[in-house]
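Asks: Quick one: structure below, then a few questions.
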Amino acid sequence: MTTGTTPAGAAPLVGVLALQGDTREHLAALTACGARATAVRRPEELAAVDGLVLPGGESTTISKLAVLFGLMEPLRARVREGMPVYGTCAGMILLADKILDPRSGQQTVGGIDMIVRRNAFGRQNESFEAAVGVAGLAEPVHGVFIRAPWAESVGAGADVLAEHDGHIVAVRQGNALATAFHPELTGDHRLHARFTAMVRAAG
Ligand code: GLN
């Protein structure tokens, strides 16, 4: 498995897993942060990127398509090898080592020692927006939550970056970053900028 192909000093090539979900918004946010952004659907495309975003969407669908497209094992391998990866919402679910309430056939890529609960905020509060303070950002982000998960618990190696109503909604472990909310929908690129910096630092 290669570890990206970008020469030193060049803009990093950052992929967005484009099997299902809000791929386009992530590509735009990454481009705004100075990355070369590209859709990833095939193992060869995954092998070429320096970092990867797992978008929001439907985590069961994405996981089934990843298996179908022969991407699940390569994804696990690259995350294990330390490729920077950022998951939003469904992407956060995919990065969890364990899903509390998986649907049948649902698998995870893993990479963050946390247990997530899907659709955690429940029916009454399926989708909402709230200011969320994130560790390392001076001003809160405008959190857009759409049938969002939360992390029930995180392991010792994972850092909680944000909570909402006492629930964990942003986590980082090594080169893996996850948010339950969708910064790509807000025009606020601070978290994509942070992720792009993680990719540059790893490269
Ligand atoms: N609830 C969705 C899931 O289980 C995630 C929703 C989202 O990504 N906005 O995958």
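Asks: Keeping to region 182-198, report how many residues are in contact with a helix residue (DSSP H, G or I) (Cβ under 9 Å, 6 or more places away or on another chain) and in contact (Cβ under 8 Å) with a residue 60 or more places away in the chain.
Replies: 10
Asks: Additional query: Could you grab me the full set of residues in region 41-71 that are more than 16 Å from the ligand (Cβ to nearest atom), outside any loop (DSSP other than H, G, I, E, B) and over 14 Å from the mean Cα position of the chain (by Cα)?
Replies: Listed by number, the residues that qualify are Pro43, Glu44, Glu45, Leu46, Ala47, Ala48, Leu68.
Asks: I need a count of the residues in region 25-44 that are in contact with a strand residue (DSSP E or B) (Cβ under 7 Å, 6 or more places away or on another chain), under 18 Å from Ala10 (Cα atoms) and surrounded by fewer than 19 Cβ atoms within 10 Å (Cβ to Cβ).
Replies: Residues in region 25-44 being in contact with a strand residue (DSSP E or B) (Cβ under 7 Å, 6 or more places away or on another chain), under 18 Å from Ala10 (Cα atoms) and surrounded by fewer than 19 Cβ atoms within 10 Å (Cβ to Cβ): 3 in total.
Asks: Would you say Thr88 is within 9 Å of the ligand (Cβ to nearest atom) and over 14 Å from the mean Cα position of the chain (by Cα)? Explain how you work it out, then say what you get.
Replies: Numbers: within 9 Å of the ligand (Cβ to nearest atom): yes; over 14 Å from the mean Cα position of the chain (by Cα): no.
No: the conditions fail for Thr88.
Asks: Quick one: in region 131-174, which of the residues that are part of a loop (DSSP other than H, G, I, E, B) and under 14 Å from Arg190 (Cα atoms) is farthest from the ligand (Cβ to nearest atom)? Break it down stepwise before answering.
Replies: Quick first cut of region 131-174, residues part of a loop (DSSP other than H, G, I, E, B) only: 133-140, 147-149, 155-158, 165-166, 174.
Imposing the further condition that a residue be under 14 Å from Arg190 (Cα atoms) reduces the set to 133-140.
On the way: Gly133: 21, Val134: 18, Ala135: 22, Gly136: 23, Leu137: 21, Ala138: 26, Glu139: 24, Pro140: 20 Å.
Looking at the filtered set, the residue picked out is Ala138.
Asks: Could I ask something else about it? Just name the residue that is surrounded by the most Cβ atoms within 10 Å (Cβ to Cβ) out of those in region 163-203 that are of a type in the set (S, T, N, Q) and out of contact with any Gly (no Cβ under 7 Å at 6 or more places or on another chain).
Replies: From region 163-203, those of a type in the set (S, T, N, Q) are 173, 175, 179, 186, 196; that's our starting set.
Filter once more, keeping what is out of contact with any Gly (no Cβ under 7 Å at 6 or more places or on another chain): 179, 186.
On the way: Thr179: 28, Thr186: 17.
Checking each candidate, the answer is Thr179.
Here, each number is a calculation from the coordinates, and none is a lab measurement. This structure is a prediction, so every number in the text was calculated from the model and none was measured. In this analysis, Cβ positions are derived from the backbone assuming ideal geometry, glycine residues included, and neighbour counts consider all displayed protein chains.
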